[in-house]
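Asker: Following this message is one structure expressed as structure tokens.
Values in this text are rule-based calculations from the coordinates and carry no lab data. All of these numbers come straight from a predicted model, not from anything done at the bench. In this analysis, Cβ positions are derived from the backbone assuming ideal geometry, glycine residues included, and neighbour counts consider all displayed protein chains.
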Amino acid sequence: MSSREKILRAVAVAKPPASALPEAAAYVQEEVDLVQHFSATVRSIGADCVVVKGWEALLQVYLQYQGLPVLNGVGEIGERTIMSAAKREASALESLHAVLLRGRVGVAENGAIWIPDSETGNRLLPFICEQLLIAISAAELVPTLREAYARIDMKAEGYGVFIAGPSKSADIEQSLVIGAHGPLSLRVFVVE
Amino acid sequence: MAEKSHAKAAALFNEDEQRVDWHNETLWMVRSKRDRMARQLPEWEALRSEASAIKEHTLSHLDEYLVAFEQNALRNGVQVHWASDAREHNEIVLGILRKHGARRIVKSKSMLTEECGLNTFLHDHGLSTVDTDLGEFIVQLREELPSHIVLPAIHLKREDVSHTFEKHLHTEPGNSDPTYLAREARAHLRKRFMEAEVAITGVNFAVAENGGMVVCTNEGNADMGVHAARVHIASMGIEKVIPRAADLGVFLRLLARSATGQPITTYSSHFLRPREGQEMHVILVDNGRSRQLAKPAFRNSLKCIRCGACFNTCPVYRFSGGHSYHSAVAGPIGSILAPNFDMKKNADLPFASSLCGSCSNVCPVKINIHEQLWHWRQVLMQEGQGSLGKKLSMKVMGVVLASPFLYKWSGALARTVLRYAPGVVKSKKLNPWYQSREMPVAPRQSFQEWYRKKKHNEQ
């Protein structure tokens, strides 16, 4: 008998009597200002949050961006140069400084932003760059993860990640260090 | 004797009182952060109940969900393996590594691989993995086990880390600034990520309806490994499967808040299909879980989502440290899982508790940990795993309490000894109770004597 058979048989015999899936826990949603709530949460988790009025305004910010060139993933402001990274090896992406990606769902309760595979260009991009920038539309904000998962078609893409803040660690004597193995900083643009 | 292992280790740990106080305060701070987060959600208790019920349902259909997960994963181009025990899991990993001739391996945090002793096994076969979670990286360099499932290096001070990095990474001697040390680790591990051929990860949640796996990190080390390497191996216990992606909207709201007091970890990565040119494997591991599932008193322990909240609140853990538990998973949850793996070796663990119940209070999936600790004690005593001293003293107590005469007599004896020969009981050698407690002042008379006298006076 294969291990598969052995395990499934053992589980079938051992499992408790059937119980039903519960009803979703009901809670009162008093969301007044999603943009305000989301921005405040993003700032509280170690990231920058800038609210801009319209994609044109974001384009202006992008064009005037201080520092090294930013690879662009936001179709609304121009060519998606992140696609040049698509089939590249990790070593070729190592020197990437800043990347601007298009988030698709923003969660106000925890500041997390959903980036599906198709928005990364290369799955390594959101992690290997030093500075990560994410743009999200105010219309794409939801109060909690529950609403977020209702919006996402999980089977549509091969990968997706919720990104909440810059990479971090508190593994050394519980001292919070911003910037672990992923980006050292995150800036979020909420486009109204 | 297994009975003494935790107690002995804890006694050693407590020799450095200042350090123990620091350890306790550090962990209580993490508990406090969890409390603050939980109180911000009015629906917190409802979420706990919902999560517990989802797990309950899943366990009652576990075989079906495992098959569904497998089918969907296969459809996604993921290779699915089944391992009955730790040895088989390790052999499967070795097989994949050998097939690719891989020598450069990175691993993100996986308690399952700790449980299976994967690192040691691979080392015995001439292969080494680099643990990329900063905390695990530190303990790996120190050749220690993690002392906490979420905060592996919580038992170390920054000076300890500085010494370790000085020795292995040649960092500035005496520089124990956490940011400096973390940046040095970043640079060193960045090289390992870039050259890695295989990335091994754990699985926080495996979603049956789409064959996908979720991995949560703050550091981004799981993704740095997986997206750069040609091969991704994900190791998971069979109890990690959940029915639907929507259920993540419950579990991910509870996990980080319970674990570290964050609303969510920085990265919640959902792996469904391998990227082009990449090979993705998942290993479903039993290793005693089906045996635990068969026990009505203990099966709820399989609901565990490995948040570590029970560790942070447990007074025994806070004052004895993770290494006192001699197990991959320490703390209260470890104490109800470990005796199932090896009853003899881990017989001491369910006794390493005051049964205060705080663990059950903070558990996001409402595992009745403190009740299971008590239950294990019954099982262990019946199986003859209790210490002779405990067995005898319980028998004697049973006899004394069952006899009114013996009860009265022993009470009188105790009061007499306490008053006239206190040295007998006030001895740290003869009386273990006295090692960290004061003896009570002996009352002049027992309640019965007082009652009789009072009644006599009133007549």
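Asker: May I ask what percent, to the nearest 5, of DSSP beta bridges between residues of the protein assembly as shown are antiparallel? Please list the in-between numbers first.
Answerer: Details: 22 of 69 bridges.
The answer is about 30 percent antiparallel.
Asker: At a threshold of 8 angstrom on Cα-Cα distance, excluding pairs fewer than six apart, so keeping six or more, what relative contact order does segment A:1-90 reach in percent?
Answerer: It rounds to 12 percent for segment A:1-90.
Asker: Can you list the residues, at least 5 places off or on another chain, whose amide H is less than 5 Å from the amide H of residue B:352, using H built in the peptide plane?
Answerer: Amide H neighbours of residue B:352, under 5 Å, 5+ apart: none.
Asker: Roughly what % antiparallel, to the nearest 5, for the DSSP beta bridges in chain B? Don't jump to the answer; show the numbers that get you there.
Answerer: Values: 8 of 33 bridges.
So the antiparallel bridges amount to about 25 percent of the total.
Asker: So how strong a dipole does segment B:306-413 carry about its Cα centre when Lys and Arg Cβ are +1 and Asp and Glu Cβ are -1, to the nearest 20 debye?
Answerer: Values: 10 positive and 4 negative charges, 30 e Å.
Result for segment B:306-413 is approximately 140 debye, rounded to the nearest 20.
Asker: Among B:223, B:131, which comes first, then next, by fewest other beta-carbon atoms within 10 Å?
Answerer: Numbers: B:223 29, B:131 26.
Going from least to most buried by this count: B:131, B:223.
Asker: What list of ³J(HN,Hα) values in whole Hz, one per residue of segment B:186-193 in order, does the Karplus curve 6.51 cos²θ - 1.76 cosθ + 1.60 (θ = phi - 60°) give from phi, with Gly and Pro shown as x?
Answerer: My calculation for segment B:186-193 gives 4, 4, 5, 6, 4, 4, 4, 4 Hz in order.
Asker: Explain nothing, just the number: relative contact order of chain A, from Cα pairs under 8 Å at least 6 residues apart, as a whole percent.
Answerer: On the way: 340 pairs, mean separation 48.2, N = 192.
Reported relative contact order: 25 percent.
Asker: Please turn the phi angles of segment B:55-66 into ³J(HN,Hα) values with the Karplus equation 6.51 cos²θ - 1.76 cosθ + 1.60 (θ = phi - 60°), one per residue in order, whole Hz, x for glycine and proline.
Answerer: In residue order, the calculated couplings are 5, 4, 4, 4, 5, 6, 10, 4, 5, 5, 5, 5 Hz.
Asker: Can you compute 3J(HN,Hα) from phi for each residue in segment B:201-210, using the Karplus curve 6.51 cos²θ - 1.76 cosθ + 1.60 with θ = phi - 60°, rounded to whole Hz and x for Gly and Pro?
Answerer: Rounded to whole hertz, the list is 10, x, 9, 7, 9, 10, 8, 4, 6, 9.
Asker: While we're on this one: Lys/Arg Cβ at +1, Asp/Glu Cβ at -1, dipole of segment A:38-90 taken about the Cα centre: which of A:49, A:77, A:64 is farthest positive-ward?
Answerer: Projecting each Cα onto the dipole axis, the largest value belongs to A:49.
Asker: Next question, about the same structure. Hey, can you rank B:292-303, B:204-215, B:97-108 by average C-beta count inside 10 Å, highest first? Present the calculation step by step, with values, prior to reporting the outcome.
Answerer: Working: B:292-303: 19.8, B:204-215: 23.8, B:97-108: 17.5.
The peptides rank, most packed first, as B:204-215, B:292-303, B:97-108.
Asker: Would you please give the residues with an amide H less than 5 Å from that of residue A:137, counting only those at least 5 places away or on a separate chain, with H modeled from the backbone geometry?
Answerer: A:191
Asker: Same structure, new question: Largest first, please: the extent of the C-alpha atoms of segment A:87-141 along each principal axis, to the nearest Å.
Answerer: Taking max minus min along each principal axis of the Cα atoms, segment A:87-141 gives 35, 19, 15 Å.
Asker: Once Lys and Arg get +1 and Asp and Glu get -1 on their Cβ, which of B:254, B:265, B:243 lies farthest toward the positive end of the dipole of segment B:240-282?
Answerer: B:254
Asker: Averaging sequence separations of C-alpha pairs under 8 Å and six or more residues apart, then dividing by the length of chain B, give the relative contact order as a whole percent. Let's see the in-between values first.
Answerer: Values: 710 pairs, mean separation 95.6, N = 459.
Normalised by residue count, the contact order of chain B is 21 percent.
Asker: Can you tell which of B:185, B:207, B:44 lies farthest toward the positive end of the dipole of chain B, using +1 and -1 charges on the Cβ of basic and acidic side chains (Lys, Arg; Asp, Glu)?
Answerer: B:44
Asker: Also, quick follow-up: Under a Cβ-only charge scheme (Lys and Arg +1, Asp and Glu -1), can you give me the dipole magnitude of the protein assembly as shown about the Cα centre, in debye to the nearest 20? List each step's numbers first, then the result.
Answerer: On the way: 77 positive and 70 negative charges, 600 e Å.
Value, rounded to 20: 2880 debye.
Asker: Restrict the search to segment B:386-459; then list the GluC sites (Glu not before Pro) that DSSP places in a loop and that have at most 11 other Cβ atoms within 10 Å of their Cβ.
Answerer: On the way: sites: B:438, B:449, B:458; in loops: B:438.
Filter output for segment B:386-459: B:438.
Asker: Rank by packing, highest mean first: peptides B:273-284, B:383-394, with packing defined as the count of other Cβ atoms within 10 Å averaged across residues. Spell out each step's value before the answer.
Answerer: Numbers: B:273-284: 18.8, B:383-394: 13.2.
Per-residue mean Cβ counts within 10 Å order the peptides as B:273-284, B:383-394.
Asker: Within segment B:45-67, find all residues whose amide N lies under 11 Å from a label point positioned 7 Å from the Cα of residue A:21 along Cα-to-beta-carbon.
Answerer: Label zone hits: B:54, B:58.
Asker: Now, a different point. Simple spin-label model, 7 Å along Cα-to-Cβ: residue B:291 to residue B:168 in nm?
Answerer: Inter-label distance under the simple model: 3.2 nm.
Asker: Taking amide H positions as placed in the peptide plane 1.01 Å from N, state which residues far from residue B:241 in sequence (5 or more) or on other chains have amide H under 5 Å from it.
Answerer: Sorted by chain and number, the residues that satisfy this are B:206.
Asker: Among A:6/B:295; B:8/B:157; B:390/B:429, which pairs are too far apart, with a Cα-Cα distance over 20 Å? Kindly include the intermediate steps, with their values, before the conclusion.
Answerer: Values: A:6/B:295 18 Å; B:8/B:157 23 Å; B:390/B:429 17 Å.
Table pairs above 20 Å Cα-Cα are B:8/B:157.
Asker: Let me ask something else. For segment A:19-90 and segment B:209-261, what is the separation of their C-alpha centers, rounded to whole Å?
Answerer: Segment A:19-90 and segment B:209-261 have Cα centres spaced 22 Å from each other.
Asker: Follow-up. Among all cysteines in the protein assembly as shown, which have no other cysteine Cβ under 4.7 Å from their own Cβ?
Answerer: Unpaired cysteines in the protein assembly as shown: A:49, A:129, B:116, B:216, B:304, B:307, B:314, B:356, B:363.
Asker: Follow-up question, since we're still on this one. I want to verify a result. In a Gaussian network model of chain A, Cα cutoff 10 Å, which of these has the top mean-square fluctuation: A:99, A:142, A:177?
Answerer: Of the options given, A:177 has the highest mean-square fluctuation.
Asker: Relative to the Cα centre, what is the charge dipole magnitude of segment B:191-230, using +1 at the beta carbon of each Lys and Arg, -1 at the beta carbon of each Asp and Glu, and rounding to the nearest 20 debye?
Answerer: Working: 3 positive and 5 negative charges, 27 e Å.
Result for segment B:191-230 is approximately 120 debye, rounded to the nearest 20.
Asker: Which of the pairs B:191/B:240; A:155/B:191; B:99/B:191 have their Cα atoms more than 29 Å apart in this structure?
Answerer: Table pairs above 29 Å Cα-Cα are B:191/B:240; A:155/B:191.
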